[in-house]
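A.B. asks: Provided herewith is a single structure, encoded as structure tokens, for subsequent inquiry.
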Amino acid sequence: MRSRIGFVASLLALSLGAAACGGGDPAPDSPVAASSATTAAKEGGKLVVYSGRNENLIRPLIDRFKEESGIDVEVRYADTTELTAALLEEGDASPADVFFSQDAGALVALEAEGRLAELKEGVADDVPERFRDPQNHWTGVTGRARTIAFNPEKLSQAELPENFLEVVDPMWKGRVGLAPTNASFVSHISALLIEIGEDDVKKFLAELKASDPKIYDSNGLVVKAVASGEIDLGLVNHYYALNEKKENPGASVANIYPQEGAFVNLAGVGVIEGAENRAQADRFVDFLLSKEGQEFFRTETNEYPLVEGMSGPEGQPALAELKTIDLPLDELGKDLQRSATLIKEAGLS
């Protein structure tokens, strides 16, 4: 196992300059359990959440949980990699009860260091096995597909790359944008390390750098650059284009879901080992996986609910239909340090 000091240093280096992130209605007989926050009496107490999810995305849901549960929630918002490093540095002295991560890799890394407690038995039973820890220390909450955003007023579907790796084709030189320090990009590279091997990943990153990409601090800025015509392709998560259209209906931006080389990551949650407010932490995890919580993500942030029986964002392909790198997400965190190093060595961060 890598040394904790080396791993924390890598995470802190990665987090510098990084930005925090980020159909149809469920059937009436969906197996999703009703939220315990709406069926149980208000219990009160306190909860400390470390959130790698952007405050603008999830604060309305946090506020709803506070109101329905009576629990006083204190949230520390920051980049997922920064919070992962903080949790490792703080150790048993951490005030955090729950970590709401932007990606699976960070949760895997924390589990490897013994920082996550076992979840309440049965809480994640309705989440498909591929999206939760086999040892029950963390679970996915929503699915986040890596896509290529494009401007449909400038490009037709026929012109777009079908393979994610084709964005390094000379025809796209100077026309691609990305946020290389973002945790979702790093995790995608980690998935590619497992899928195609380090030599091919090095080659891809070198060719990506040589293609003169435009570098941004966040996926949201990448999508805005696509919509404005500043770039033609953006390497982002699927919901950024959808949220841009929601905020600005006239924005000219859409997603292509590549047939090869794409990846479905997750936003997930874990309870911190030794959490002072364990009962409240369990209640929060219940809420995220409840019908109410899952529906919030589907309609308000355009993410894919992971609880079985619920459909995805309106107008987008079903999660099961996406062509994606097939790997156990519990393997993802093992390559984060190497991925961050390769991205830096390629000159992309």
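Bear in mind these aren't lab numbers, they're just calculated from the coordinates by the rules spelled out. Given the structure is predicted, the values throughout are model-derived calculations rather than measurements. Cβ coordinates were reconstructed from backbone atoms using ideal geometry, including for glycine residues, and neighbour counts include every protein chain displayed.
A.B. asks: Of the listed values (i) 45, 30, 21; (ii) 36, 22, 18; (iii) 32, 24, 17, identify the label whose number matches semi-axes √(5λ) of the Cα gyration tensor in Å calculated from this model.
C.D. replies: Step by step, semi-axes √(5λ) of the Cα gyration tensor in Å for this structure corresponds to label (iii).
A.B. asks: Taking square-rooted eigenvalues a ≥ b ≥ c of the alpha carbon gyration tensor, is the range 283-349 rounded, prolate or oblate, where a/c under 1.5 means rounded and, failing that, a/b exceeding b/c means prolate?
C.D. replies: Since a/c reaches 1.5 and a/b is larger than b/c, the shape of the range 283-349 is classed as prolate.
A.B. asks: Could you state the number of Å between the C-alpha centres of the range 99-162 and the range 289-319?
C.D. replies: 13 Å
A.B. asks: Put a dot 7 Å past each Cα toward the Cβ at N248 and A320; how far apart are the dots in nm?
C.D. replies: Each label point is offset 7 Å from its Cα along the Cβ direction, giving 3.7 nm.
A.B. asks: Give the shape of the range 140-195 as rounded, prolate or oblate, defined through the alpha-carbon gyration tensor: a ≥ b ≥ c are the square roots of its eigenvalues, a/c under 1.5 means rounded, and otherwise the shape is prolate if a/b is larger than b/c and oblate if not.
C.D. replies: Prolate, since a/c reaches 1.5 and a/b exceeds b/c.
A.B. asks: Moving on. For E129 and E308, calculate 0.36 nm times their separation in residues minus their Cα-Cα distance, and state this gained length in nm to one decimal.
C.D. replies: 63.4 nm
A.B. asks: Counting other beta carbons within 10 Å of each residue's own, what order do I148, I194 fall into, fewest first?
C.D. replies: Arranged by neighbour count, lowest to highest, I148, I194 become I194, I148.
A.B. asks: Here is a follow-up. What is the sum of charges around P258, taking Lys and Arg as +1, Asp and Glu as -1, for the other residues whose C-beta is under 10 Å from the C-beta of P258?
C.D. replies: -1
A.B. asks: Then there is this: What shape does the range 234-349 take by its C-alpha gyration tensor, where a ≥ b ≥ c are the square roots of the eigenvalues and a/c under 1.5 counts as rounded, a/b above b/c as prolate, and the rest as oblate?
C.D. replies: Oblate shape, in that a/c is at least 1.5 and b/c is the bigger or equal ratio.
A.B. asks: Next question. Rounded to the nearest Å, what's the spacing between the alpha carbon centres of the range 322-349 and the range 56-94? Just the number, please.
C.D. replies: 25 Å
A.B. asks: For the peptides 218-224, 278-284, what is the packing order when you average, over each peptide's residues, the other Cβ atoms within 10 Å and list the highest mean first?
C.D. replies: 218-224, 278-284
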